[in-house]
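See structure below.
The values are calculated or read from the model by the stated rules, or taken from the named source; none is laboratory data. All of these numbers come straight from a predicted model, not from anything done at the bench. For neighbour counting, all protein chains shown are included, and Cβ atoms are generated from backbone atoms with ideal geometry for every residue, glycine included.
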């Protein structure tokens, strides 16, 4: 479906799309890695060959009180406090011998507060999680008992491809809020950017919309949950067919907001996570990398995006490192 | 100094060693990256060439309530709680449209609780931080204002070298607690392991002692802060001279415990961090990688160890990924 | 039932006791206050007349890292960190005008970590909460939607009565772990202490076992969840019949541990909270008050035990204040 | 000073006022209780006699995500999460025997986020804390080592007096933001309200401005830190001379905002806490109590305001209970 759908019937559209795109059982009934199965050792080995200059980019936003969260769904910005400080050490109140002093710190934060991966336990469809499991048996108050992010702690390192849809279709490199990126536009961006942008099995696709660029300039506004450019619901087929291993964007929620139905909430998530088994990255900072890719004319690179190994997490913060 | 020192005078020994090993000013008065300056783009590019098979290893311990912390210095294990669950979604109490359900989570943890990097603001010598700055001007209750971990968010990706001192000098691959690893033993381990183990400028050196292997088998005991194998104070000269960019171990505190003075606390830290400007990794899980290296006969690999980008952090959790 | 029961059939014993003691519907189908309904304004007014000397006692344990929790069920001790400090202020790094400096702090803690009230949403019987409501409709990941502790924020102030069973039946004022306090022993304690100890409708009964006294002397050991003196399962009838408004003890779990069935977990809770609608206080420090009562020969006092007003909490920390 | 002062010289005005109002040494060099020394047992006993009806009022705002904090100084609203839920219990995933189920919860919050007491370690004057102690020796990263809130855990129970300045001087019972309450207006309010409002040694004075009433109706806006009615800097003399034990308001910061100097931050705090040793309560909800007092024509009551007993806290949340 790249065409039209009934705006008044998200439930029907989602059900139809889910049926078309389902990967349930594709890697066995016990599978917990979803589309990460596409990223095999051969692909990882080849991807390492993309390092030509040795320049590294962090694709993480800063984790601090100045982030985008405003409390919705109890998502706050990280609170970072000190257990010991240099002022204490300088004041001589730490009680250590031979002049050693130290500083320690602690953090309290939602795992979905900033640059992150959605795990496969993050979204359910009618009470069913990835691979057809009952959500209530997968994610309890104890966390994700089956598809916790720790199950993919070692896996997300491979070929990254940047699709700078912002530069391809936006004014000054930025798509407006509400802009629904279609499969045709993804394809056109690939064509425009050239051969290094081809997308295939096992790739980690990074879609830059430019919304973060705008938020950085103008303030967060409703970045966390409000209107945003993002993938159209209709790209589900492409996400499935292309056999990519993951996709990440520079927006809060990956898909276009407002969503493309009259009354809906993240319908593409409802297909992508529980049915496709796709790993989705959100709130990545792609700007410096995009500038570099544009200058080089090359949009592929080695990417390591290792989630913090929190047992049972339904998502995890990450500091993705691209090396060109 | 690889020889003897006065066990009763840690302060004098530290001062002497600090003077011999100081890198203050080496990269300018404004430097905040210390030994990461040794890891340049050429070295990073060459390191990517070490990927031969495409096998990835996470070197992170799990972040959960079953970790080693017991409350000392208010260091606790991570507390991971859910903001939304699958049981809620299955019970239909989430209030979302078209059958979508979700799970979110939150974490509260010391940044030094498990697999981590010590930042340059973590340790002071007589109230002085890295590069000669007053500790009280560097790390306040607001965090590290100068050398926060965010300053090196993009940098720690390069050549990793495993020195499996546990296998080289231990019984069954494990050094006993209190075993002080000397420069001679590091050198002998390199010689034993062969050419792929050579250590030089810009390398990230991983020293496996086997203590974590033991803790995994026997329980944590005093892993967090108690007796442990680790680097001898006398290796400071080697750490400085070898121009490595970082060093990490599978123990709580990197250096041997009890420390080698009658009354002391982490004297090697007091030289390594504020004077050498060295990045130290602790509580890494090197076992699977070590088994692989031993089987391959190759001890070098591509290593990405990107700290969580917490603004102002004096250290940070990390999920290091080695690719062979 | 003050007699015998089948140690092998907790489920049957609980069901029988629950039927005998149920207060469901007693205060209407919408009731959220349970036995707090017994504490009316007349009783509260009379209780204020018990203040004779004006001496106040805090019955709260300290909330800090030195508390009894060891991580079971992710219950940790409170982690208290500073957002600003006096050392910062003294170092002049706070940036405020005219010499003002400040200190702020933050806490992270389970609501059940120390001196507390169990709310009516804390325990369920076969998925049913107080007054017969389905547990899944009462307590979700969003908290207690019906009987959150805020519903009784203003209510718990009235007549307190101390029953010092430790002094009455223990050696040196302390009952041994595993000591099951029976109705007969409660009655005998009242008789022994005299007229000021009579217990009736609307009273807040404090039962001192002496276990905290022992833990304070010998260390926490298994105070949190291990063997303890406490109320026998057989006291459920008395708890119901006496029409008390609340009961609190100096132990972790109010009822005797190990529990009095072969394989059981807190069976008296399963009757007292969802069926009687009783408010239970745990980990109170009754020692100073008990010494005073013993010296005075008077065991009644004015008691205010106002839970922290956390919306949706299933329990809450409290600093109870007794005034004699 | 109830007259004028130089708006351009807060530092001079504060110094002069501090000298006039200092209680340093009044209760000995070791004192940690400040004005709580005024509240003795006789006064507490007499206060209990004020209970005439037995009606209890909680003066606490709700502690939840809907509070006033917006992140300034890392002050956030409380984050309350569940460790176990009724939905889990209903789903049968908790693993307990005989049908018992449970819910537990955890909170993370600044101690200054909502209804609270400022402790004596909360504010410093030029690096000096209450009773003349160096701030750096009192409050380190380990908390308040001297005047932690635990030192007054049992003390704050006595006579409360409501001064409803909002009703006395406001339109519809609300003072506008920026309204500086003077000594004259306090006195006039007392006169207007009658004999039950007299203020003297050992009293806990509650000043209602009506700002919370407005915030409840119109939304928080800048309630946390923005413009507000409150006590004039010039009332310091009255606060000192009246020998009250504590004062609390329904605003974020007790004193008028913007402050009455051209460039200042909470100058009255700088006198009241370190010099007078006064306990200040903030963000109390006085509305229901005020309505009752107005109807009764009586403005005095028994008040228990027991801070959560957090060791080393520089302030603490509280659920104050007034009983009329």
Working only within region C:265-309, note down all residues that are surrounded by fewer than 24 Cβ atoms within 10 Å (Cβ to Cβ), in a loop (DSSP other than H, G, I, E, B) and more than 15 Å from the chain's Cα centre (by Cα).
C:265, C:297, C:298
Here are some conditions: (1) loosely packed, with under 15 Cβ neighbours inside 10 Å; (2) touching a strand residue (DSSP E or B) at 6+ places or on another chain (Cβ under 6 Å). Residue B:29 meets all but one. Which one does it not meet?
(2)
From the residues in region B:88-112 that are buried (at least 24 other Cβ atoms within 10 Å of the Cβ) and out of contact with any helix residue (DSSP H, G or I) (no Cβ under 9 Å at 6 or more places or on another chain), which one is farthest from residue B:62 (Cα to Cα)?
B:105
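In region C:139-154, how many are in a strand (DSSP E or B) and without any contact (Cβ under 8 Å) to a residue 40 or more places away in the chain?
From region C:139-154, those in a strand (DSSP E or B) are C:139-140, C:143-144; that's our starting set.
Imposing the further condition that a residue be without any contact (Cβ under 8 Å) to a residue 40 or more places away in the chain reduces the set to C:140.
Residues meeting the conditions: 1.
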Using the structure shown, decide if residue A:157 is within 8 Å of chain B (Cβ to nearest Cβ) and without any contact (Cβ under 8 Å) to a residue 40 or more places away in the chain.
no
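Residues being within 7 Å of chain B (Cβ to nearest Cβ), touching a strand residue (DSSP E or B) at 6+ places or on another chain (Cβ under 8 Å) and over 10 Å from residue C:88 (Cβ atoms): count how many of those fall in region A:82-100.
6
Specify which of the listed residues (B:45, B:53) is facing chain A (nearest Cβ under 7 Å), surrounded by fewer than 22 Cβ atoms within 10 Å (Cβ to Cβ), under 27 Å from residue A:45 (Cβ atoms) and touching a residue at least 60 places away in the same chain (Cβ under 8 Å).
One residue alone meets the criteria, B:53.
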Subset of region A:113-132 (residues that are more than 9 Å from every other protein chain (Cβ to nearest Cβ) and surrounded by 23 or more Cβ atoms within 10 Å (Cβ to Cβ)):
A:116, A:117, A:118, A:120, A:130, A:131
Kindly check whether there is at least one residue in region D:104-114 that is part of a loop (DSSP other than H, G, I, E, B), under 18 Å from residue A:81 (Cβ atoms) and at pLDDT below 95.
no
Restricting to region D:249-264, count the residues that are under 17 Å from the mean Cα position of the chain (by Cα) and part of a loop (DSSP other than H, G, I, E, B).
6
For the structure I just gave you, tell me whether residue D:76 is without any contact (Cβ under 8 Å) to a residue 60 or more places away in the chain and over 25 Å from residue D:277 (Cβ atoms).
yes
Do you know which residues across region A:115-138 are in a strand (DSSP E or B) and more than 20 Å from residue B:109 (Cβ to Cβ)?
A:118, A:123, A:124, A:125, A:128, A:129, A:133, A:134
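The rows are residues; the columns are (1) in a loop (DSSP other than H, G, I, E, B); (2) surrounded by 22 or more Cβ atoms within 10 Å (Cβ to Cβ).
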site	(1), (2)
B:189	no, yes
B:192	no, no
B:205	no, yes
B:213	no, no
B:220	yes, no
B:247	no, yes
Just to verify a result, which residue in region B:293-324, among those that are away from chain A (no Cβ under 12 Å) and touching a residue at least 60 places away in the same chain (Cβ under 8 Å), is nearest to residue A:65 (Cα to Cα)?
B:300
Answer yes if at least one residue in region C:163-173 is more than 19 Å from the chain's Cα centre (by Cα), within 12 Å of chain D (Cβ to nearest Cβ) and either within 17 Å of residue C:313 (Cα to Cα) or free of Cβ contacts under 8 Å to residues at least 60 places away in the same chain (or both), and no otherwise.
no
Tell me which of these residue B:167 doesn't satisfy, since it passes every other one: (1) surrounded by fewer than 23 Cβ atoms within 10 Å (Cβ to Cβ); (2) part of a strand (DSSP E or B).
(2)
Run residue D:59 past the list (1) more than 8 Å from chain C (Cβ to nearest Cβ); (2) surrounded by 24 or more Cβ atoms within 10 Å (Cβ to Cβ); (3) at pLDDT below 95 and report the number of the one that doesn't hold.
(3)
Hey, residue D:56 assigned by TED's automatic domain parsing to the domain that holds residue D:253 and touching a strand residue (DSSP E or B) at 6+ places or on another chain (Cβ under 8 Å) or not
yes
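Do we have residue C:143 as closer than 22 Å to residue A:141 by Cα, out of contact with any helix residue (DSSP H, G or I) (no Cβ under 6 Å at 6 or more places or on another chain), within 8 Å of chain D (Cβ to nearest Cβ) and surrounded by 21 or more Cβ atoms within 10 Å (Cβ to Cβ) here?
Considered against the rule, which asks whether it is closer than 22 Å to residue A:141 by Cα, out of contact with any helix residue (DSSP H, G or I) (no Cβ under 6 Å at 6 or more places or on another chain), within 8 Å of chain D (Cβ to nearest Cβ) and surrounded by 21 or more Cβ atoms within 10 Å (Cβ to Cβ), residue C:143 comes out as yes.
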Any idea which residue in region A:66-81 is nearest to the other protein chains (Cβ to nearest Cβ), counting only those that are in contact with a strand residue (DSSP E or B) (Cβ under 8 Å, 6 or more places away or on another chain) and within 25 Å of residue B:129 (Cβ to Cβ)?
A:81
